[in-house]
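The structure appears below as structure tokens.
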Amino acid sequence: MAKFELKLPKMGESVAEATLTSWLKEVGDTIEADEPVVEIATDKVDSEVPSEVEGILIEKFFDVDDVVKVGQTIAIIDMDGDDSDEDNAENEEVMHSSEPEEEAVIAVEETISNAKSSVTNEPITNDGDRFYSPLVKNIAQKENISQEELDHITGSGLEGRVTKDDILAYVAKRSNGQEKVSTATKSSASNTAQKPVVSATPISVNGGDEIIEMTRMGKLISKHMVNSMQTSVHVQSFIEVDVTNIWNWRNRVKNEFQKREGEKITFTPIFMEAVAKTIREFPMINIAVEGDKVIKRKNINLGMAAALPDGNLIVPVIKNADLLNLVGMTKAVNDLATRARTGKLKPDETQDGTYTVTNVGTFGSVMGTPIINQPQVGILALGAIRKVPAVIETPEGDFIGIRHKMFLSHSYDHRVVNGALGGQFVQRVAQYLEAWDVNREV
């Protein structure tokens, strides 16, 4: 029987694993070449894994919500169904030819296994802070590892997740006497290191109330936002910007630009260009923090928060944004925004961002206090552009006029970005925008 191993394909340099969200085929189903077999998710992007061959699905190795690493085998596909009957007959013959001694050994092993399972601990659960894969749970049950022991194992996986290697290493140490966890001792010794237990306020549900289950993306966003607030010390700086010149310039060139490039030019690429130029002047905004070390990023990859039809947000990334001219920036912004709304982003297109820009003005907000997109250290919110009365200074004197103005709101991580750097950065963005050349050709 010719078998094909369906593996999780590489989805980008920074994508190491994915969550299996749905099986599109069941064992016994016929599969055509290039037909999707399983749906997966990486952070906020959903994708399908197609089969490279045609055949019959004969084995699945993961369940829904399991985490699969790139290169791991997801399923087995039989490419030659005719041989399956012969193989089954051979297997049946082998089973019938087993010696009584072998049968006795199998019976003893089953008895031991049943005895072990009768004294195992309570089922392992996910406490909301940590995710345990079914494989890790099964090993914990088999090795009589309690929930509390498992919660104290240091994980090497994504976001501290306990991997198969972590729990097997713990089992090996425990069996060698190198690690013995006493729950009483462990609890008293780690009181200062454990996270404070915060009990949620009970919520009363009345007869007319509707309980809505959070979506997978909603859960991911919720966890990501809480993690960011617990990680970074958020500080904000605000500045008002006169964008009258940009407003008038765009109105003058937008029709010609669309006719020539086949693209609409919005305000977003103009702002993104200014941010990219400013980051080049202030490279210590383009950093990440790892423990007590600062990682200074070489590339300027701008994340662009985009609204989805279901109300959630996704952040596609414009790679090497400082190398793009305004035409290139416009095409990149429009392309990513369109594919974000239609769910056609590739997993790698939401990875490796070094700074994020979010346009809260799209929803009419004058300003906002955005939450930093970890592991970055800054995020800029663009407020709504409004017509306002303003004092205009001229050599002939001051007068009141109508101007187009907006607020820029800069949130930054005060662990590594002080008020001077955070304020100077957003001030320079404003200076670039206010000095816009109304005669610029594009």
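In the list 387, 344, 331, which residue meets the criterion of being exposed (fewer than 15 other Cβ atoms within 10 Å of the Cβ) and more than 19 Å from the chain's Cα centre (by Cα)?
Numbers: 344 fails: more than 19 Å from the chain's Cα centre (by Cα); 331 fails: exposed (fewer than 15 other Cβ atoms within 10 Å of the Cβ).
Just one listed residue meets the conditions, 387.
Give the stretch 181-230 a look and list any residue that's over 30 Å from residue 290 (Cα atoms) and modelled with pLDDT under 50, or say none.
182, 183, 184, 185
Give the residue that is farthest from residue 392 (Cα to Cα), with candidates limited to residues of the stretch 242-265 that are in contact with a Lys or Arg (Cβ under 8 Å, 6 or more places away or on another chain) and basic (Lys, Arg).
264
Of all strands (runs of 3 or more DSSP E) completely enclosed by the stretch 349-442, which ones contain at least 1 residues that are within 13 Å of residue 239 (Cβ to Cβ)? Walk me through how you get there before you give the answer.
Values: elements: 355-359, 378-382, 386-394, 397-413.
Filter on the stretch 349-442 gives 378-382, 397-413.
Tell me which residues, restricted to the stretch 290-315, are modelled with pLDDT under 95, surrounded by 13 or more Cβ atoms within 10 Å (Cβ to Cβ) and not in a strand (DSSP E or B).
Residues satisfying the conditions are 305, 308, 312, 315.
Give me the pairs: first residue in the stretch 19-32 and outside the structural domain of residue 65 (by TED's automatic domain parsing) and closer than 25 Å to residue 216 by Cα, second residue assigned to a strand (DSSP E or B) and modelled with pLDDT of 90 or more, beta-carbon distance under 7 Å, and six or more apart or on different chains, which are they?
Once the first residue is outside the structural domain of residue 65 (by TED's automatic domain parsing) and closer than 25 Å to residue 216 by Cα and sits in the stretch 19-32, no partner that is assigned to a strand (DSSP E or B) and modelled with pLDDT of 90 or more comes close enough.
One residue is enough: does the stretch 268-278 have a residue meeting the conditions in a helix (DSSP H, G or I), surrounded by 16 or more Cβ atoms within 10 Å (Cβ to Cβ) and among the aromatic types (Phe, Trp, Tyr)?
So in the stretch 268-278, the residues in a helix (DSSP H, G or I) come out as 268-278.
In the following step, the residues that additionally are surrounded by 16 or more Cβ atoms within 10 Å (Cβ to Cβ) were identified as 268-276, 278.
Checking the rest, the ones that are also among the aromatic types (Phe, Trp, Tyr) come to 271.
Checked the stretch 268-278: at least one residue is in a helix (DSSP H, G or I), surrounded by 16 or more Cβ atoms within 10 Å (Cβ to Cβ) and among the aromatic types (Phe, Trp, Tyr).
Which one is farthest from residue 20 (Cα to Cα) among residues in the stretch 36-66 that are assigned to a loop (DSSP other than H, G, I, E, B) and free of Cβ contacts under 8 Å to residues at least 40 places away in the same chain?
We begin by selecting, within the stretch 36-66, every residue assigned to a loop (DSSP other than H, G, I, E, B); these are 43-44, 51-54, 61-66.
With free of Cβ contacts under 8 Å to residues at least 40 places away in the same chain added as a condition, the list becomes 54, 61.
Values: 54: 21, 61: 11 Å.
Among residues in the stretch 36-66 that are assigned to a loop (DSSP other than H, G, I, E, B) and free of Cβ contacts under 8 Å to residues at least 40 places away in the same chain, the one farthest from residue 20 (Cα to Cα) is 54.
Suppose we filter the stretch 320-362 for residues that are free of Cβ contacts under 8 Å to residues at least 12 places away in the same chain, closer than 18 Å to residue 45 by Cα and small (Gly, Ala, Ser); how many remain?
0
Given the conditions (1) in contact with a strand residue (DSSP E or B) (Cβ under 8 Å, 6 or more places away or on another chain); (2) under 21 Å from residue 409 (Cα atoms), and given that residue 274 satisfies all but one, which numbered condition is not satisfied?
Only one criterion is unmet by residue 274, namely (1).
The values are calculated or read from the model by the stated rules, or taken from the named source; none is laboratory data. All values reported here derive from a predicted model rather than from experimental measurement. For neighbour counting, all protein chains shown are included, and Cβ atoms are generated from backbone atoms with ideal geometry for every residue, glycine included.
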